[in-house]
């Protein structure tokens, strides 16, 4: 399977069929372990964490949201697990099928998916 996945990535890089053609779970799993995508996601989660830490304590479930934000800030969370959850977002899924490293997913789309997923990631 790894040889086949590598071939798909190579074909995508060379301008052939997109690397994630077929939109299967294994394709999303490959993106969830892609270093470039994970770095982008990690930064976007840190950006969101700064906002969460600064939000009002009156926000529903603030303590849990803040606890997860602090875990993100200090690197005490599973970015690959978060990637799988964020990739379940319908908008992200539609875009993730095109790019080898999720480069076609804009920062704003990634931020929106994280905002929508934050409570679930925080265990709320």
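The values are calculated or read from the model by the stated rules, or taken from the named source; none is laboratory data. Owing to the predicted nature of the structure, the values given are computational and were not obtained by experimental measurement. All Cβ positions, glycine included, derive from the backbone under ideal geometry; neighbour counts span all protein chains shown.
Tell me yes or no: at least one residue of the stretch 59-72 is modelled with pLDDT of 90 or more, out of contact with any helix residue (DSSP H, G or I) (no Cβ under 9 Å at 6 or more places or on another chain) and within 20 Å of residue 117 (Cα to Cα).
Yes, the stretch 59-72 has at least one match.
Whether any residue in the stretch 29-48 is modelled with pLDDT under 80, loosely packed, with under 14 Cβ neighbours inside 10 Å and not in a loop (DSSP other than H, G, I, E, B) is what I want to check.
Within the stretch 29-48 (the criterion being modelled with pLDDT under 80, loosely packed, with under 14 Cβ neighbours inside 10 Å and not in a loop (DSSP other than H, G, I, E, B)), the answer is no, since none of the residues qualifies.
Restrict the check to the stretch 50-59 and report whether at least one residue is free of Cβ contacts under 8 Å to residues at least 40 places away in the same chain and surrounded by 16 or more Cβ atoms within 10 Å (Cβ to Cβ).
no
List every residue pair whose Cβ atoms sit under 8 Å apart, with the two residues 6 or more apart in sequence or on different chains, where the first one lies in the stretch 60-79 and is in contact (Cβ under 8 Å) with a residue 40 or more places away in the chain and on the phi > 0 side of the Ramachandran plot and the second, anywhere, is surrounded by 11 or more Cβ atoms within 10 Å (Cβ to Cβ) and not in a helix (DSSP H, G or I).
Qualifying pairs under 8 Å: 61/122; 61/124.
Would you pick out the residues in the stretch 70-113 that are surrounded by 15 or more Cβ atoms within 10 Å (Cβ to Cβ) and over 18 Å from residue 40 (Cβ atoms)?
Within the stretch 70-113, 71 is the sole residue that qualifies.
Looking at (1) assigned to a loop (DSSP other than H, G, I, E, B); (2) more than 17 Å from the chain's Cα centre (by Cα); (3) at pLDDT below 90, which is the one condition that is false for residue 9?
It fails just one condition, (1).
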